[in-house]
1. Express the carbon and sulfur contribution to the solvent-accessible surface of the chain as a percent, rounded to the nearest whole number, probe 1.4 angstrom.
2. Along the principal axes of its C-alpha atoms, what lengths does segment 1-247 span, in descending order and rounded to whole Å?
3. Would you mind pulling out the separation of the Cα centroids of segment 79-142 and segment 202-229, in Å?
4. Might you tell me the accessible area per residue for the chain, computed with a 1.4 Å probe and given in Å²?
5. Please list, short to long, the whole-number percent of alpha-carbon pairs of segment 7-90 in consecutive 10 angstrom bins beginning at zero.
6. Would you grab the residues whose amide H sits under 5 Å from the one on residue 224? Only those 5+ places off in sequence or on another chain, please, with H modelled 1.01 Å from N.
7. Just to check I understand the Karplus step: with θ = phi - 60° and J = 6.51 cos²θ - 1.76 cosθ + 1.60, what whole-Hz values come out for segment 112-124, glycine and proline as x?
8. Determine the dipole magnitude for the chain: charges of +1 sit on the beta-carbon of Lys and Arg, -1 on that of Asp and Glu, nothing else is charged, the reference point is the Cα centre, and the result goes in debye to the nearest 20.
Amino acid sequence: RAPELRELVDHLFHTSADPGEMTAAYGRLVAVLTELVAAKRTSPGDDLTSGLIAARDDRDDGALSEQELLDTLTLMISAGHETTVNLIDNAVHALLSRPEQLAHVREGRAGWDDVVEESLRADAPVASLPLRYAVEDIALSELGGPDGTVIAEGEAILAAYAAAGRDPERHGKDAELFDVTRADKEHLAFGHGVHHCLGAPLGRLEARIALPALFERFPDLRLAVPEEELRPVDSFISNGHRSLPVRLS
């Protein structure tokens, strides 16, 4: 069912789907994950699904219900897979479209950690999340914002992580540019405070392993089409990452 799962994941992240399509896709996803759980109960392995099943089945305190098990697997698809895909994709795009930045890395003026952090800053894998609604009027001046601006009760609030990474007051007039030599790469790509992503170390680690391996394996990697022909993917979780066609040599 791997091809169907990939199709469902792509569909769930598209903003063009109507409510009926999203409901149907989610229902299919639950069915696929239910089959996966059943298969792993019969033949467990050294994998996350088997570990979650063990946490569910080997305890009597109700720590994890069957629905929570399925919900956790769904969460891992969105927060543990799609986000890392976006990070790696955005980093590859930035390096291939800006050869001088890749040269900084290859010639020792910057490291792969710099690539990862600058990618997180300049093109946050999650552009904006979560959507909430104000339960009362909020004067932004009380939070350090501009005077006279009020978010009214009932209005939507969307945290723009991508915008924070490109704040010219923090990162200067060239904040929108990808620069691995930038001294201040501070970002909110993994959230903040109690909402800081628990998977942040793993996401960084995966990208830190994948990126040098890719460019070492394919030193002549390049874009297969001109930069201007690339188009952002329609995805609510992505900060305009590209469907990236490349040539290996």
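1. 56
2. Principal-axis extents of segment 1-247 (Cα, largest first): 55, 55, 35 Å.
3. First find each Cα centre; the distance between them is then 15 Å.
4. I get 58 Å² per residue for this part.
5. Pair shares across the bins are 16, 42, 31, 11, 0.
6. 246, 247
7. So the J values, rounded to whole Hz, are 5, 4, 5, 4, 4, 5, 5, 5, 5, 6, 6, 9, 4.
8. Working: 24 positive and 44 negative charges, 181 e Å.
The calculation lands at about 880 debye.
The values are calculated or read from the model by the stated rules, or taken from the named source; none is laboratory data. Keep in mind it's a predicted model, so treat the numbers as computed, not measured. Glycine also receives a Cβ, built like all others from the backbone with ideal geometry; neighbour counts cover every protein chain displayed. With ligands, DNA and RNA removed, areas are computed over all heavy atoms of the protein, side chains included. Shrake-Rupley method; radii C 1.70, N 1.55, O 1.52, S 1.80 Å.
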